[in-house]
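A.B. asks: Have a look at this one before I ask anything.
Any read-out appearing in this document is the output of simple, stated calculations on the displayed coordinates, not a laboratory observation. Note that the coordinates shown come from a computational prediction; the quantities given were computed from them, not determined experimentally. Here the Cβ is made from the backbone with ideal geometry for all residues, glycine too, and neighbour counts use every protein chain on show.
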Amino acid sequence: MDAEKLEVLLNRQGFIAALDQSGGSSKKTLANYGISEDAYHSEEEMFDLIHEMRSRIITSPVFTEKTILGVILFAKTMNSFIKDQLTADYLWQEKRIVSFLKIDQGLAEAKDGVQLLKEIPDLDQNLQLAQERHVIGTKMRSVIHEPNRAGIKALVAQQFAWGKKIAAAHLIPIIEPEVDIYAVEKFGCEQILIDEIKANLELYDYPLIFKFTLPEQANFYDELLNYPNVLKMVALSGGYDQDKANQLLKENKNMIASFSRALLEGLNIKQDEEAFNAALKNNITAIYEASVQK
């Protein structure tokens with residue numbers, strides 16, 4: 001693992017930008033950006049448009065190491081180029097921003113109140129490619145809908161089992177057990193979740209990052225930072241609009257953002273560069289302040 005990148009991740013102030021929208025969310029992301037479905041006719045064309053949008057964000061003069069620690073990338077983005085450099089290399093060489101790879105292949109069908117990760121048959125190859133592409137870690141998302149202990153136990157166990165494989169490949173796993181903001185008894189889900197996480201943390205000693213839905217009780221997950229292998233806690237916006245997400249984030253003193261939809265709010269393909277950069281700067285500034293100015 002690159003010591004300089006790890007130093008940036010651990011000690012520089014900022015937040016992690018989630019630019020990892022995949023096949024399931026790309027159409028909505030493009031629609032919000034002002035590109036309708038009739039503008040493309042294949043998955044390849046859709047992902048080309050997504051990459052153009054991401055490239056516009058990443059190359060913007062307001063997207064800098066002063067506010068951004070890292071970026072979560074979708075596999076096709078990681079394997080694509082920005083100004084003749086692979087995306088992660090561009091981010092590091094030009095902006096000193098580290099990269100993570102979204103490793104999961106989506107969600108399984110709901111069972112026992114949760115959605116586990118789908119199996120990743122080529123996980124080892126993906127981890128090797130992530131190393132070759134110079135990313136520092138990976139991210140994987142599963143979802144909790146109900147306070148079902150058996151389901152949450154299985155979900156957390158799966159995340160940690162894959163986290164161990166990722167760590168063995170000298171990458172940092174971002175473990176993301178998202179609690180749906182519309183979950184039945186959301187706080188009850190969070191109580192079971194933290195119990196299961198603590199049980200697993202007692203058995204594992206690899207470095208990791210947690211990515212959580214903003215909790216019902218501010219600072220609810222803070223005790224997890226007492227475990228020396230927990231490097232950071234980051235928050236997903238989870239469907240909240242940017243103002244609400246930032247408000248809740250400010251209440252959680254030891255969390256920084258890893259927002260996706262909230263980061264892209266108000267951006268549009270029809271904006272000229274001045275308007276686009278101004279809108280992006282407003283989003284970045286607000287999310288940065290909510291992350292580090294508590």
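A.B. asks: Straight-line reach from K66: which lysines fall under 16 Å, measuring Cα to Cα and dropping same-chain residues less than 8 apart?
C.D. replies: Within the straight-line limit of under 16 Å, K66 reaches these lysines: K5, K95, K281.
A.B. asks: Once Rh for the range 3-292 is found with the Kirkwood sum over Cα pairs, what is the Stokes-Einstein diffusion coefficient at 10 °C and 1.306 mPa s, in µm²/s?
C.D. replies: Details: Rh = 19.2 Å.
The estimated diffusion coefficient comes to 83 µm²/s.
A.B. asks: Output the antiparallel fraction of DSSP beta bridges having both residues in the chain, as a percent to the nearest 5. Please report the intermediate quantities before stating the final value.
C.D. replies: Values: 6 of 36 bridges.
Taking every DSSP beta bridge with both residues in the chain, the antiparallel ones total about 15 percent.
A.B. asks: Nearest 0.05, what FRET efficiency do D243 and E4 give at R0 = 30 Å with Cβ-Cβ as r? Don't jump to the answer; show the numbers that get you there.
C.D. replies: Details: r = 35 Å, r/R0 = 1.18.
Result of the calculation: an efficiency of 0.25.
A.B. asks: Give the peptides 227-235, 35-43 in descending order of average Cβ contacts within 10 Å, highest first.
C.D. replies: Values: 227-235: 17.6, 35-43: 11.6.
So the order, starting with the most tightly packed, is 227-235, 35-43.
A.B. asks: For the range 244-294, which chymotrypsin sites (Phe, Trp or Tyr not before Pro) pass both filters: DSSP loop (anything but H, G, I, E, B) and at most 15 other C-beta atoms within 10 Å?
C.D. replies: When the chymotrypsin sites (Phe, Trp or Tyr not before Pro) of the range 244-294 are filtered for loop state and at most 15 Cβ neighbours within 10 Å, nothing remains.
A.B. asks: Could you tell me the ratio Rg/Rh of the range 1-123? Both radii from Cα atoms, Rh via Kirkwood. Provide the component values of the computation, followed by the final result.
C.D. replies: Numbers: Rg = 15.9 Å, Rh = 15.9 Å.
Rg divided by Rh gives 1.00.
A.B. asks: Based on Cα coordinates alone, diagonalise the gyration tensor for the range 1-61, multiply each eigenvalue by 5, take square roots, and list the semi-axes in whole Å, largest first.
C.D. replies: They are 31, 12, 10 Å, listed from largest to smallest.
A.B. asks: State the answer as a single residue: which of V8, N277, W162 lies farthest towards the positive end of the charge dipole of the chain, with beta carbon charges of +1 for Lys and Arg and -1 for Asp and Glu, about the Cα centre.
C.D. replies: Of V8, N277, W162, it is V8.
A.B. asks: What dipole magnitude, in Debye to the nearest 20, does the range 18-139 give about its Cα centre under +1 on Lys/Arg Cβ and -1 on Asp/Glu Cβ?
C.D. replies: On the way: 14 positive and 19 negative charges, 118 e Å.
Dipole about the Cα centre, nearest 20: 560 debye.
A.B. asks: Say the dipole of the chain comes from +1 at the beta carbon of Lys and Arg and -1 at that of Asp and Glu; which of A183, I103, S291 then lies farthest toward its positive end?
C.D. replies: Positive-end residue among those listed: S291.
A.B. asks: How far is it, in nm, from the label point at Q85 to the one at E37 when both lie 7 Å from their Cα along the line to the Cβ?
C.D. replies: 3.8
A.B. asks: Also, I was wondering about something else. Could you work out how much longer the chain between L225 and F187 gets when fully extended? Use 0.36 nm per residue separation minus the Cα distance between them, nm to one decimal.
C.D. replies: Value of the extension gain: 11.7 nm.
A.B. asks: While we're here: Compute, for the chain, the length of the dipole vector about the Cα centre, with Cβ point charges of +1 (Lys, Arg) and -1 (Asp, Glu) only. Units Debye, rounded to 20.
C.D. replies: Details: 32 positive and 43 negative charges, 106 e Å.
The calculated dipole for the chain is roughly 520 debye.
A.B. asks: So if R0 is 35 Å, what FRET efficiency would Q293 and A150 give, r being the distance between their Cβ atoms, rounded to the nearest 0.05?
C.D. replies: 0.30
A.B. asks: Who wins for biggest fluctuation among L249, L129, L101 in a Gaussian network model of the chain, springs between alpha carbons below 10 Å?
C.D. replies: The residue with the greatest mean-square fluctuation here is L129.
A.B. asks: Give me the dipole magnitude in Debye, nearest 20, for the range 229-294 about the Cα centre, with unit charges on the beta carbon: positive for Lys and Arg, negative for Asp and Glu.
C.D. replies: 360
A.B. asks: Viscosity 0.692 mPa s, temperature 37 °C: what is the translational diffusion coefficient of the range 167-239 from Stokes-Einstein with a Kirkwood Rh over Cα pairs, rounded to a whole number of µm²/s?
C.D. replies: Rounded, D is 255 µm²/s.
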